[in-house]
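Following: one structure in structure tokens, then a few remarks.
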Amino acid sequence: MRYENRLPPEGINTSQVHPLRQFLQLAIGAVLLVVMLVIVLQYAGAFVARRIPFSYELRVMDTLDIELGEAEQHPEMTAYLNALAGRVSQHLPLPDGLSVTVHYDSEDVFNAFATVGGNLLFYRGLLSRMPDENTLAMVMAHEISHVLHRDPVAALGGGVASTIALLGLTGNAGTGIAGQLVNQAGMLTGVQFTRSMEIAADDAALSALNALYGHVNGASTLFELFSASRERSSSLAKTQWLERFLSTHPLDEDRIQRISQQVLDQQWRADGELTPLPAGFQRWLAVD
Amino acid sequence: MNSLLFQAGSVVALLVLGFLFGRLAEKRHYRKIIQRESETQALPVVASRYPPEDRPYRQQLVTGSVVIASDYFKAFLAGLINIFGGRVTPYESMLDRARREAVLRMKAEALALGAAYVFNIKFDTTRIATGKVGAMEVLAYGTAMIPLGQAVGIQHEI
């Protein structure tokens, strides 16, 4: 018996597809798919989550037993913040049963946020930079507006729905390299939603501020402070469109501009007298 | 923001590097494979389990193994294909090269032993890296049929 090996023709075990072409088709397809999926799920998740009764949100937070703030060490600051929240709330259309609780945290973080259960957390880093009560009231009104709009629970609902879908799509999201592309595309689509929430909260807060003090002086101070703390140089101006697209919040400049526009449209006063912070404020801040 | 741009930039850079170097390496490897296949064509490799009985043979196990790594571009593309399904084309050529290289290495060993045939050839494939960019081992093994009476240990140039 004779055996022989003939040379096989090339290309039997490989597909003749140009990798770059295939790559572009699939990458564009994947991004489009993810964007559409996340848009639908963010809307649907937020829509459903906003329909969860606030009382249920409160009950869930109770059972979770999450320690927010440091009320025991800082009773005066916590009491003052809650009193201010009460005054601001009177000028916001909070329905019955919707309430906020303000917590104070002595960490040096330049931020404040609203979370589920109507809980607001203010950091020392933010409070120590407040020049007057009007600015603080603007922040307070902004955060209460988030609770009023049910934004924390809506963001959670939309986020959970789209994260689960992305996990399913990538199988092991985040571990594969292509999974990162899918996740980044999903995340960037998601932040487009939080930005619209921020704008709505700014608008509601501004009108509450006007109702509380009779003018809106101090409303844009916060964003000027934010802007200064980021030390944005003019050389970055070219990438503003990109930064606008990538961030969870609108740009400080855009927010200041929107406030100015609102003041003009509504014919509000922007030059009223600023209310100083209470006498003990600096002392309360100094407590460790 | 800058870190995000840096991340995106490094992914693009890795993709471009992976594509260029991966493609270059693949083309070069295929050229060598085709050349060596024609050089070693005289030694038949047979899948049959029943060796010829025309004359006495000494039998010996011969193996050829190769570890081949994917590149960033192939891994990325394969990940995208995983979403939509279909043939994982970037790995087809990678495994094709690995199998043929393994056979060539096995043949080299058989030729060094002075074999007339390699019978009962089999393949084994193992995934050996679990990082973001995978690697595979392909092992080819078979029974070298070395005619008795022939000097053993003749070195064949390949």
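Every read-out reported here was derived from the displayed coordinates using simple, explicitly stated rules and does not represent laboratory data. This structure is a prediction, so every number in the text was calculated from the model and none was measured. Positions of Cβ are backbone-derived with ideal geometry, glycine not excepted, and every protein chain shown enters the neighbour counts.
Using the Cα centre of the range A:104-174 as the reference point, and only Cβ charges (+1 on K/R, -1 on D/E), how large is the resulting charge dipole? Debye, rounded to the nearest 20.
Numbers: 3 positive and 7 negative charges, 51 e Å.
Charge dipole, the range A:104-174, about its Cα centre: 240 debye, nearest 20.
Using the Kirkwood formula over every pair of different C-alpha atoms, what hydrodynamic radius in Å results for the protein assembly as shown?
On the way: mean 1/r = 0.0363 Å⁻¹.
The Cα-based Kirkwood calculation yields 27.6 Å.
Which one, A:39, A:218, A:277, projects farthest toward the positive side of the charge dipole computed for chain A from Cβ point charges (K/R +1, D/E -1)?
Result: A:39.
Within 10 Å of each candidate Cβ there may be at most 12 other Cβ atoms; applying that plus a DSSP loop requirement, which trypsin sites (Lys or Arg not before Pro) in the range A:1-73 survive?
Numbers: sites: A:2, A:6, A:21, A:50, A:51, A:59; in loops: A:2, A:6, A:51.
The qualifying sites are A:2, A:6, A:51.
Rounded to the nearest 20 debye, what is the charge dipole size of chain A about its Cα centre when +1 sits on each Lys and Arg Cβ and -1 on each Asp and Glu Cβ? All intermediate terms of the calculation are to be shown ahead of the outcome.
Values: 19 positive and 30 negative charges, 272 e Å.
Dipole about the Cα centre, nearest 20: 1300 debye.
Given the rule -39500 (n - 2.57) for each run of at least 4 DSSP H residues, summed and divided by the residues of chain B, what is its mean residue ellipticity at 222 nm, to the nearest 500 deg cm²/dmol?
On the way: 3 runs with 75 residues, N = 158.
Calculated from helices alone, the mean residue ellipticity at 222 nm is -17000 deg cm²/dmol.
Of the residues B:49, B:100, B:36, which exhibits the maximal mean-square fluctuation in a Gaussian network model of chain B defined by a 10 Å Cα contact cut-off?
It is B:49.
Work from the charge dipole of the protein assembly as shown (Cβ charges, +1 for Lys and Arg, -1 for Asp and Glu, about the Cα centre) and give the residue of A:140, B:103, A:26 farthest towards its positive end.
B:103
Could you tell me how many degrees, from 0 to 90 and to the nearest 10, lie between the Cα long axis of helix A:54-64 and the main elongation axis, the longest principal axis, of the Cα atoms of chain A?
Once rounded, the angle reads 80 degrees.
Take peptide B:46-59, look around each residue's Cβ out to 10 angstrom, count Cβ atoms belonging to other protein chains, and average those counts.
Details: counts 4, 0, 2, 0, 1, 1, 3, 1, 2, 0, 0, 0, 0, 0.
Partner Cβ neighbours, averaged per residue: 1.
Please go through the range A:16-82 and write out the GluC sites (Glu not before Pro) that DSSP classes as loop and that have at most 14 other C-beta atoms within 10 Å.
On the way: sites: A:57, A:67, A:70, A:72, A:76; in loops: A:67, A:70, A:72.
Qualifying residues, ordered by number: A:67, A:72.
What angle, in degrees between 0 and 90 and rounded to the nearest 10, separates the Cα long axis of helix A:221-230 from the longest principal axis of the Cα atoms of chain A?
Rounded to the nearest ten degrees, it is 40.
Within the set of other residues whose C-beta is less than 9 Å from the C-beta of residue B:139, count the net charge using Lys and Arg as +1 and Asp and Glu as -1.
Working: positive: B:122; negative: B:124, B:137.
Once all neighbours under 9 Å are counted, the net charge is -1.
Taking all pairs of different Cα atoms in the range A:1-160, averaging 1/r and flipping that mean, what Kirkwood radius in angstroms comes out? Let's see the in-between values first.
Details: mean 1/r = 0.0508 Å⁻¹.
The Cα-based Kirkwood calculation yields 19.7 Å.
Would you pull out the residues with amide H under 5 Å of residue A:119's amide H, same chain only if 5 or more places away, H placed 1.01 Å from N?
Those lying under 5 Å, H to H, from residue A:119 are A:101.
Would you calculate, for chain A, the mean residue ellipticity at 222 nm contributed by helices, counting each DSSP H stretch of 4 or more residues as -39,500 (n - 2.57) and dividing by all residues, to the nearest 500?
-20000 deg cm²/dmol
Give me the Debye-computed log₁₀ of I(q)/I(0) at q = 0.16 Å⁻¹ for the range A:121-187, equal point scatterers on Cα only, no solvent, two decimals.
These q points yield log10 I(q)/I(0) values of -0.70.
For the Cα atoms of chain B, what angle does the longest principal axis make with the long axis of helix B:72-84, in degrees from 0 to 90, nearest 10?
80
If you count, for every residue in A:14-26, the Cβ atoms of partner chains within 10 Å of its Cβ, what is the mean? Don't jump to the answer; show the numbers that get you there.
Details: counts 11, 7, 2, 5, 1, 10, 4, 0, 6, 8, 0, 2, 9.
Taking the mean over all residues of the peptide, I get 5.
Which one, B:47, B:135, B:75, has the greatest fluctuation when you compute a Gaussian network model over chain B with C-alpha springs under 10 angstrom?
Of the options given, B:47 has the highest mean-square fluctuation.
Let's see if you can work this out: charge +1 on each Lys and Arg Cβ, -1 on each Asp and Glu Cβ, no other charges. What is the dipole magnitude of the range B:88-127 about its Cα centre, in debye to the nearest 20?
Values: 7 positive and 5 negative charges, 5 e Å.
Result for the range B:88-127 is approximately 20 debye, rounded to the nearest 20.
Please report, for the Cα atoms of chain B, the Rg to one decimal and the Dmax as a whole number; what are they, in angstrom?
Cα radius of gyration and Dmax of chain B are 20.3, 75 Å respectively.
Can you give the average number of partner chain beta-carbon atoms within 10 Å of each beta-carbon in peptide B:78-89, as a whole number? Let's see the in-between values first.
On the way: counts 3, 13, 13, 5, 8, 13, 5, 0, 4, 3, 1, 7.
Across the residues of B:78-89, the mean count of other-chain Cβ atoms within 10 Å is 6.
Mind telling me which of A:28, A:12, A:256 comes out most flexible in a GNM of chain A, alpha-carbon contacts under 10 Å?
A:12
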